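K.L.:
Handing you a structure now.
The values are calculated or read from the model by the stated rules, or taken from the named source; none is laboratory data. The shown structure was predicted, so the numbers you read here are calculated from the model rather than taken from an experiment. Here the Cβ positions follow ideal geometry from the backbone for every residue, glycine too, while neighbour counts run over all protein chains shown. Areas reflect the complete protein model, heavy atoms only, side chains present, ligands, DNA and RNA absent. Shrake-Rupley method; radii C 1.70, N 1.55, O 1.52, S 1.80 Å.
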Amino acid sequence: MQIAIDGPAASGKSTVAKILASKLKATYIDTGAMFRAVTLYLLKQEGLITRVELWDQNLADIEIQLEMTESGQKVFLNQEDVTEAIRSQEVSRQVSKVAANLKVREYLLKEQRRLAKDQDVVMDGRDIGTTVLPQANYKFFMIASSRVRAQRRFDELSKNGHSPISIEQIEKDIQARDEYDRNRKYAPLKKAEDAIEIDTSNMTIDEVVEKMLTFISRNA
Ligand code: CDP
Ligand code: CDP
């Protein structure tokens, strides 16, 4: 079984994807974390982030692992725990540029399809329903107003000790990222024709999960 969840930044994809995966005994795969890990790697190597022509030859040195633990999902970049580091503002600011690169996308696409091959998955991202898993059994597209999304991201960053600047700045940043993700050439952020759209602006996490489960059980 494959469940695809796409949508703009901070629309609530990963939160519900994790709950859904646990209820359905499937594996949760956070493809955004994979793009973030590649971005962190490029930022860590002196000057590499601006030298796009060198990215391709560096990809083979990047190993990403996603692990579900008791304290939540952990992300490892070449064996190092980067779960927190990939959420930094610097990574958030650079990730869309990295994700627009065809070589980076091809590299991660292979990995994402491999992960979805032998197990039941709930995968979230921007192009899962359109490109990564076009044959997914269920496809959802989550949306919410940019103000609500900025407020949620602000609360989340504050809670995790990241001391974010302001809600206004976060809103600007996520709008800019969405715009970039929607207009890129390869696998842009887009609702698949057969995806169910859910506006989560005024919904609690439980309500969103309930709605998805109802749809899944009706169409099983
Ligand atoms: O959690 P948040 O919505 O802030 O972002 P994310 O899911 O961690 O994704 C970070 C970035 O990775 C996105 O803004 C996209 O540029 C890129 N991404 C992508 O291009 N394709 C995916 N399937 C997932 C993420
Ligand atoms: O994965 P994505 O970037 O789409 O969003 P997320 O990280 O799942 O959600 C961003 C924040 O919004 C999290 O802190 C969630 O707890 C919160 N959220 C919410 O308050 N209400 C919802 N219906 C969904 C998410």
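K.L.:
Could you list, in sequence order, all residues of segment 156-168 that are farther than 12 Å from S88 by Cβ and not in a loop (DSSP other than H, G, I, E, B)?
P.N.:
Step one: filter segment 156-168 for residues farther than 12 Å from S88 by Cβ, giving 156, 158-159, 165-168.
Within segment 156-168, E156, S158, K159, I167, E168 meet the criteria.
K.L.:
Of the residues that sit in segment 185-213 and are open to solvent by less than 50 Å² (accessible area, probe 1.4 Å) and hydroxyl-bearing (S, T, Y), which one is farthest from ligand 2 (Cβ to nearest atom)?
P.N.:
Per the stated criteria, the residue is S201.
For every residue, the table says whether it meets (1) in contact with a Lys or Arg (Cβ under 8 Å, 6 or more places away or on another chain); (2) of a type outside the set (V, I, T); (3) within 14 Å of G32 (Cα to Cα).
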| site | (1), (2), (3) |
| --- | --- |
| S88 | no, yes, yes |
| S96 | yes, yes, yes |
| A100 | yes, yes, yes |
| E106 | no, yes, no |
| K110 | no, yes, no |
| A116 | no, yes, no |
| Y138 | no, yes, no |
| M142 | yes, yes, no |
| V148 | no, no, no |
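K.L.:
Another question about this same structure. Name the single residue that is nearest to E106 (Cα to Cα) among those in segment 169-220 being in a helix (DSSP H, G or I), in contact (Cβ under 8 Å) with a residue 12 or more places away in the chain and over 20 Å from the mean Cα position of the chain (by Cα).
P.N.:
The selected residue is I216.
K.L.:
Oh, and also: Taking segment 150-169 on its own, how many of its residues are more than 10 Å from ligand 1 (Cβ to nearest atom) and either touching a Leu at 6+ places or on another chain (Cβ under 7 Å) or open to solvent by less than 70 Å² (accessible area, probe 1.4 Å) (or both)?
P.N.:
10
Okay, residues lined up against (1) in contact with a strand residue (DSSP E or B) (Cβ under 9 Å, 6 or more places away or on another chain); (2) of a type outside the set (S, T, N, Q); (3) away from ligand 2 (no atom under 16 Å from the Cβ); (4) open to solvent by 80 Å² or more (accessible area, probe 1.4 Å):
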| position | (1), (2), (3), (4) |
| --- | --- |
| I49 | no, yes, yes, no |
| L54 | no, yes, yes, no |
| Q57 | no, no, yes, yes |
| E70 | no, yes, yes, yes |
| D81 | yes, yes, yes, no |
| S92 | no, no, no, no |
| E106 | no, yes, yes, yes |
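K.L.:
I need a count of the residues in segment 60-104 that are in contact with a helix residue (DSSP H, G or I) (Cβ under 7 Å, 6 or more places away or on another chain), over 23 Å from L189 (Cα atoms) and in a helix (DSSP H, G or I).
P.N.:
1
K.L.:
While we're here: Give R182, R218 a once-over and let me know the one that is within 12 Å of ligand 1 (Cβ to nearest atom), over 22 Å from T83 (Cα atoms), of a type outside the set (G, A, S) and open to solvent by 90 Å² or more (accessible area, probe 1.4 Å).
P.N.:
R182
K.L.:
Which one is farthest from ligand 2 (Cβ to nearest atom), of the residues in segment 134-144 that are open to solvent by less than 50 Å² (accessible area, probe 1.4 Å) and either of a type in the set (S, T, N, Q) or part of a loop (DSSP other than H, G, I, E, B) (or both)?
P.N.:
So, considering only residues that are open to solvent by less than 50 Å² (accessible area, probe 1.4 Å) and either of a type in the set (S, T, N, Q) or part of a loop (DSSP other than H, G, I, E, B) (or both), the one farthest from ligand 2 (Cβ to nearest atom) is A136.
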